[in-house]
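Everything below concerns the one structure shown next.
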Amino acid sequence: MGKVQISERYAKSLFELAQDEGVLDEVQASLQDVGEMVREVPPLGEFLHNPLLSVEERQQVLKALFEKKVPALVQKFLLFINFKGRLNLLAPIIEAFDDLYLRSHNRVRAVVQTALPLDKKQKEDICRHLNQKYAKEIVADWQVEEGLLGGFRILVEGKLHDYSFTSQLESFRQKVLQ
């Protein structure tokens with residue numbers, strides 16, 4: 001079984017437990033915070049992937065970091081995946097949980113890359129268009145990508161919609177060379 005499938009199973013189990021206990025929103029918010037912490041604090045990521053540490057050593061650190069700072073279910077889950085030797089899958093588990101959470105709320109994440117920063121109205125227009133196209137509420141991550149020259153790219157549900165000048169110029173170049 002691949003890492004993605006394993007991550008999805010753990011995420012689904014945690015999702016169902018959180019639903020049953022009525023703490024789904026709290027668990028979602030807490031997992032997002034934990035995921036952000038892992039991304040922004042490189043030593044924490046190294047700790048999660050260090051095979052030289054024992055389960056007990058990791059458990060002590062996890063308790064010190066998260067006890068009374070995250071919902072009890074999240075802390076139990078972190079200790080459980082540590083015990084199972086799956087702490088290295090924390091990031092994909094959080095991502096899979098986020099997908100389940102968004103799907104359950106009829107939402108979808110979109111990454112929108114633009115050549116220049118957009119104003120509030122432009123962002124609202126893009127979100128409105130995507131809301132209609134996908135019949136879901138869009139949770140957008142806005143990124144400025146100077147290499148685009150102009151236009152924008154949108155990645156949503158695994159599909160790339162490329163309306164950038166860079167893409168159009170490359171397409172034109174390919175046609176000319178044929």
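General observations
- Per-region count, region 23-51, residues out of contact with any Asp or Glu (no Cβ under 8 Å at 6 or more places or on another chain), under 23 Å from Ser13 (Cβ atoms) and among the polar types (S, T, N, Q): 1
Results for (1) in contact with a helix residue (DSSP H, G or I) (Cβ under 8 Å, 6 or more places away or on another chain); (2) surrounded by 12 or more Cβ atoms within 10 Å (Cβ to Cβ), shown as yes or no for each residue.
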| position | (1), (2) |
| --- | --- |
| Glu137 | yes, yes |
| Trp142 | yes, yes |
| Glu146 | no, no |
| Leu149 | yes, yes |
| Ile154 | yes, yes |
| Tyr163 | no, yes |
| Phe172 | no, no |
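- Residues in region 27-70 that are acidic (Asp, Glu) and in contact with a helix residue (DSSP H, G or I) (Cβ under 8 Å, 6 or more places away or on another chain): Glu67 alone.
- Scanning region 94-132 for residues that are free of Cβ contacts under 8 Å to residues at least 12 places away in the same chain and either assigned to a loop (DSSP other than H, G, I, E, B) or touching a helix residue (DSSP H, G or I) at 6+ places or on another chain (Cβ under 7 Å) (or both) yields one hit, Asp119.
- Extreme residue, surrounded by the fewest Cβ atoms within 10 Å (Cβ to Cβ), among residues of region 53-70 that are of a type outside the set (A, V, I, L, M), in a helix (DSSP H, G or I) and without any contact (Cβ under 8 Å) to a residue 24 or more places away in the chain: Glu56
- Residue in region 41-52 that is under 17 Å from the mean Cα position of the chain (by Cα) and part of a helix (DSSP H, G or I) present: yes
- Among residues of region 71-121 being aromatic (Phe, Trp, Tyr) and loosely packed, with under 15 Cβ neighbours inside 10 Å, the one that is nearest to Gln19 (Cα to Cα) is Phe80.
For (1) under 23 Å from Lys136 (Cα atoms); (2) out of contact with any Gly (no Cβ under 8 Å at 6 or more places or on another chain); (3) of a type in the set (Gly, Ala, Ser), each residue gets a yes or a no:
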{"site": "Asn50", "(1), (2), (3)": "no, yes, no"}
{"site": "Ala96", "(1), (2), (3)": "yes, yes, yes"}
{"site": "Arg103", "(1), (2), (3)": "yes, yes, no"}
{"site": "Val111", "(1), (2), (3)": "yes, yes, no"}
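- All positions within region 1-32 that are of a type in the set (Asp, Glu), over 17 Å from Asn88 (Cα atoms) and surrounded by 14 or more Cβ atoms within 10 Å (Cβ to Cβ): Glu26
- Any hit, region 22-32, residues being under 30 Å from Gly147 (Cα atoms) and touching a residue at least 12 places away in the same chain (Cβ under 8 Å): yes
Just so you know, all these numbers are worked out from the coordinates, no wet-lab data involved. Keep in mind it's a predicted model, so treat the numbers as computed, not measured. Positions of Cβ are backbone-derived with ideal geometry, glycine not excepted, and every protein chain shown enters the neighbour counts.
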